[in-house]
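Take a look at the structure below.
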Amino acid sequence: MAKLKSRIAVEPFAHFDLPTHHLSISTLSLSQSTLYVGTRNGSLLLLSLNPTPTPTPTPNPPPIESVSLASLSRNVSLLRTVSVSGSPVESIFVLSEIGAVLVLSDGFLFITDSLLIHPVKKLGGLKGVSVVARRFRGTHSQSTDLTDNTSNSSKGQRILDKFGGVRTNGVKSKDLEQNREGNYVFALVIGKKLMLIELVLSSDLANASFVILREMQCFDGVKSMVWLDDSIIVGTINGYSLFSCVTGQSGVIFSLPDLSRPPLLKLLWRNWEVLLLVDNVGVIVDALGQPVGGSLVFRKGGPDSIGDLSSYVVVVRDGKMDLYHKKSGNCIQTLTFGVEGVGQCIVADEENRSGEFAAVATPTKVICYRKVPSEEQIKDLLRKKNFNEAISLVEELECEGELSKEVLSLFHAQVGFLLLFDLHFKEAVDHFLRSETMQPSEVFPFIMRDPNRWSLLVPRNRYWGLHPPPVPLEDVVDDGLLAIQRAIFLRKAGVETVVDERFLSNPPTRAELLESAIKNIIRYLEVSRQKDLTLAVKEGVDTLLMYLYRALNYVDDMEKLASSENYCIVEELETLLDGSGHLRALAFLYASKGMSSKALAIWRILARNYSSGLWKDLAVENGTHDGACVTSGRETAATEASNILEDSSDQDLVLQHLAWIADLNPALAVRILTSEKRTNQLSPDEVIAAIDPKKVEILQCYLQWLIEEQDSDDTRLHTLYALSLAKSAIESFNSESSSQSPDTGRQEHLKTPDIQRESLIQSPVRDRLQIFLQSSDLYDPEEVLDLIQDSELWLEKAILYRKLGQESLVLQILALKLEDSEAAEQYCAEIGRPDAYMQLLDMYLDPQDGKEPMFKAAVRLLHNRGESLDPLQVLETLSPDMPLQLASETILRMLRARLHHHRQGQIVHYLSRAVHIDARLARLEERSRLVQINDESLCDSCHARLGTKLFAMYPDDTVVCYKCFRRQGESTSVTGRDFKQDVLFKPGWLVTR
């Protein structure tokens, strides 16, 4: 049998003792507020029930003998008693719709009115009836109509049936038919016959009769029977069988073992199912006899009688009543209403199927029970701290749809508070999260003592009033620990308590409990942040969440919350965080609230005092505080400060903190200055003035950004950028030159700064200078030239001289200083004058300043560009000291090319002349053509006869009169062809010579 539980699902509300000791109860029937009692001497008693309002259930319900009989007896009264027969009353059927009662006694059926006023009438024609069952049809049943009243209905009624069967009184005839069959059609077992009859009743019950609808062959020894839809289930000592009231066919459902208890059937109204008793096991089947759900295992020996009460099955035996849940099969309550061995016990449920009342009887008394409301059951379990029982009950009620969402949310909130005060913090928060009506502000008093900023936001919701008012978590833990100590003391004294066994066997420490409480409240607030809350509640949630993070020293969570979008109140947190040393979180909080100045001040302090203990870092706490860690921490502070400054348009604030960030990480300083996130850009003049002159690369990066990204056309900025690059290039050149000296110590000394400081720009400074000097036209080349005049930056000088248009100096630098013949020739090609090559040749042959003539370069120039030079000038220019074998081949090639070009020119000249003569001749021949005009000739434009008129002919052979020629013009013919745009060629015009 399932484990007994301490739930109070039903309670007694009425008690009735038989008036004489000669009576003995044989059957019961409960209908609304009336109770019919059948006795073994053939009497029928009518009792009236007067239930009082449901009282609060007691924690431990006592047996019925100890309950005040006077208080229970006041709720029931005996109205009337009638004698039915001299034999025991076996079954009672209440026909409440017509106010009649059908009784089975001594093998006959008797009928009387529901108030037992009129005499009892025996239905003639029926004898030896052993079992009677009324037909019930399920809510959505498609069962067969056994009666056929179509022939007896009027023509008008048949027409109404076609339109849905609505009678003139507004009641559907189909519904009336169902009610009629459900209440007045019965199955009777007489010997081995199964008869289906219909009671024919009128206003006068004395004229009641019946009609036999069908007869079927049945079994002998039928003990119990239920008729549901089209199935009649009968129970015999051999087992259970199912008969079809339509076809008459039968089949075996279960076979009972030998020496088993008598069969017992019970219709379960709630789901229109049938319970079959097999020894001490209740099997639930549907209308077709198929098992549904699980089985119910009863106490050993099996029940005497079975009833249906809401979601429970009621079984009685030996003066005890057990309630089993239909789905889980658990026994949830046991009540004692008589002493053991009291005799046959009977249970009856309501005929109206409301599932609120049940009556049990011993041979001498009747006790009525009513179902305790679900909320009261839950409250009772919570008062006794049977949280698991309460949760199980709520889950059952939720599956059955008996609890509304509001009550369900209220329950979870109430259980959560009770569990929280019982020190089960994880389970408490789990229930808080399942409540849809609980507000996050309800946990505020557990975090911060009243009064505080959010005291008025806390709803004074006491729910069921089962938990004490909220207090801070420290007090909750302290009170809970006191309760545990008190329980341990009482346990030693032999007194049972309701404190959790785990706490008694292994008492927790205050620190452990407080940490668990804070962790779980944090979990609840983190989930609450995702809900749609009012602004004030959001501020409370985020601020108190920061309080709890700080209490557990959750540095990462504090910084994550502070740096994200939040509703924290800064005034509530700045003193707390500053005092506890969580300056990073405070800085993030300032930044998220737009208080950039305060945030930057903290980052500056942290960057300067990292090693003094103001910085909370895991590496420091673990004892690994070294130089690398300090450097990393300082750069982190600079990075966070730069993130703020990149968005800031406050120029004074940016320039105020630029210096210390540049000292730690120049790249961050460049990011700040060149950020495009800010709405208003900084003033270039102010920024340039604020940059430390020693931070040359920062200045260069900023100027490069202004020129290349912002397309600045300010000549001052271009010139300043060029000068800065030139200075850096000179320093770099001098440094490289010095590094090649044999002084090793000096070399190492010069290399050290380069190793320690990584350049912001990877490309060499000279490359950047040369590219800028060539690409920009807005700087002052003379000013830059003055700066590098005494340096060895010859290529840069050449670029500047080229900007100034001094071709000779450019060629000298390229040819003589840099000895870049290819660049020199390319520059001459850009000049585009032949004298440039001659000038370059002169430089090669007479370099001046005591240098040797550059004969190879000169020969290369003659070889590449000799065709563009005048041979005579070349010969005049060649030095007498130049070896002839070096230039002879080149000079010969120049002369041959010269002669070749001269002869090619002559050929082209004569060919052009021939073409010209041919063209003139073709034009003359075309103009000298003869055209024959007769009287039939027409103008191709106006179609007038030409006769002796003047006319003109176009090259495409169209002929027009002179008038049309004047209108068309010389170049456009009648066809629309424009000979100036679309030139016409004839084969005779081509040059054939």
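Is it the case, given these coordinates, that L841 is surrounded by 19 or more Cβ atoms within 10 Å (Cβ to Cβ), at pLDDT below 70 and not acidic (D, E)? Break it down stepwise before answering.
Numbers: surrounded by 19 or more Cβ atoms within 10 Å (Cβ to Cβ): yes; at pLDDT below 70: no; not acidic (D, E): yes.
Criteria not met by L841.
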Subset of segment 355-376, residues within 27 Å of P468 (Cα to Cα) and touching a strand residue (DSSP E or B) at 6+ places or on another chain (Cβ under 9 Å), comes to V372
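Within segment 757-765, is even one residue of a type in the set (A, V, I, L, M, F, W, C) and modelled with pLDDT of 90 or more? Quick ask: steps written out before the conclusion?
Within segment 757-765, the subset of a type in the set (A, V, I, L, M, F, W, C) is 760-761, 765.
With modelled with pLDDT of 90 or more added as a condition, the list becomes 765.
Taking every residue of segment 757-765 in turn, at least one turns out to be of a type in the set (A, V, I, L, M, F, W, C) and modelled with pLDDT of 90 or more.
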The residue that is least open to solvent (accessible area, probe 1.4 Å), considering only those in segment 923-958 that are outside any loop (DSSP other than H, G, I, E, B) and not basic (K, R), is A952
inquiry  = Take the conditions surrounded by 15 or more Cβ atoms within 10 Å (Cβ to Cβ) and in a helix (DSSP H, G or I) and apply them to L544. Does it pass?
reply    = yes
Across segment 918-955, the tally of residues that are in contact with a helix residue (DSSP H, G or I) (Cβ under 7 Å, 6 or more places away or on another chain), within 21 Å of R977 (Cβ to Cβ), of a type in the set (A, V, I, L, M) and free of Cβ contacts under 8 Å to residues at least 60 places away in the same chain stands at 1
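For segment 217-319, list the strands (runs of 3 or more DSSP E) that sit wholly inside it and hold at least 3 residues that are surrounded by 16 or more Cβ atoms within 10 Å (Cβ to Cβ); which are they?
Numbers: elements: 222-228, 231-236, 239-244, 250-255, 265-268, 273-278, 281-285, 291-297, 305-309, 312-317.
Passing ranges, in order: 222-228, 231-236, 239-244, 250-255, 265-268, 273-278, 281-285, 305-309, 312-317.
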Residue hits (segment 201-213; among the aliphatic types (A, V, I, L, M) and over 30 Å from T236 (Cα atoms)) are L201, L205, A206, A208
With criteria (1) closer than 22 Å to T144 by Cα; (2) modelled with pLDDT of 80 or more; (3) surrounded by fewer than 15 Cβ atoms within 10 Å (Cβ to Cβ), V166 comes up short on (2)
Expected single match for assigned to a strand (DSSP E or B) and under 30 Å from H424 (Cβ atoms) among I378, I367, I332 is I332
* Do we find a residue being open to solvent by less than 70 Å² (accessible area, probe 1.4 Å), in a helix (DSSP H, G or I) and under 23 Å from F387 (Cα atoms) anywhere in segment 449-472? -> no
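With at pLDDT 90 or above and outside any strand (DSSP E or B) as the only criterion, which of L188, L116 stands out? First the steps, then the outcome.
Working: L188 fails: outside any strand (DSSP E or B).
Just a single option satisfies the conditions, and that option is L116.
Which is surrounded by fewer than 12 Cβ atoms within 10 Å (Cβ to Cβ) and among the aliphatic types (A, V, I, L, M), of A487, A493?
Values: A487 fails: surrounded by fewer than 12 Cβ atoms within 10 Å (Cβ to Cβ).
A493 is the lone residue from the list that is surrounded by fewer than 12 Cβ atoms within 10 Å (Cβ to Cβ) and among the aliphatic types (A, V, I, L, M).
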Out of (1) modelled with pLDDT of 90 or more; (2) more than 56 Å from the chain's Cα centre (by Cα); (3) open to solvent by less than 30 Å² (accessible area, probe 1.4 Å), the one K122 does not meet is (3)
Among residues of segment 496-514 being of a type in the set (S, T, N, Q) and modelled with pLDDT under 90, the residue most open to solvent (accessible area, probe 1.4 Å) is N506
Of the residues in segment 104-117, those that are in contact with a Leu (Cβ under 6 Å, 6 or more places away or on another chain) and surrounded by 20 or more Cβ atoms within 10 Å (Cβ to Cβ) come to L109, I111
Only one of E565, E496, E572 is in contact with a Ser or Thr (Cβ under 8 Å, 6 or more places away or on another chain) and part of a loop (DSSP other than H, G, I, E, B), namely E565
When segment 381-395 is checked residue by residue, the ones that are assigned to a helix (DSSP H, G or I) and either closer than 18 Å to D500 by Cα or not β-branched (V, I, T) (or both) are L381, L382, R383, F387, N388, E389, A390, I391, S392, L393, E395
Picking from A729, A689, A667, the residue that is open to solvent by 60 Å² or more (accessible area, probe 1.4 Å), part of a helix (DSSP H, G or I) and either farther than 30 Å from S632 by Cα or modelled with pLDDT of 90 or more (or both) would be A689
For segment 427-448 the number of residues that are touching a residue at least 60 places away in the same chain (Cβ under 8 Å), open to solvent by less than 10 Å² (accessible area, probe 1.4 Å) and assigned to a loop (DSSP other than H, G, I, E, B) is 0
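Residues of segment 767-786 being part of a helix (DSSP H, G or I) and either under 16 Å from E708 (Cα atoms) or open to solvent by 60 Å² or more (accessible area, probe 1.4 Å) (or both), which ones? Full working, then the answer.
Keep residues of segment 767-786 that are part of a helix (DSSP H, G or I), which gives 767-775, 781-786.
Of everything in segment 767-786, those that are part of a helix (DSSP H, G or I) and either under 16 Å from E708 (Cα atoms) or open to solvent by 60 Å² or more (accessible area, probe 1.4 Å) (or both) turn out to be D767, R768, L769, Q770, I771, F772, L773, Q774, S775, E782, E783, D786.
The values are calculated or read from the model by the stated rules, or taken from the named source; none is laboratory data. Note that the structure is a prediction, hence the values are computed from the model and not measured. Here Cβ is always computed from backbone atoms with ideal geometry, including for glycine, and neighbour counts include all displayed protein chains. These accessible areas exclude ligands, DNA and RNA; they are computed on the full protein's heavy atoms, side chains included. Shrake-Rupley method; radii C 1.70, N 1.55, O 1.52, S 1.80 Å.
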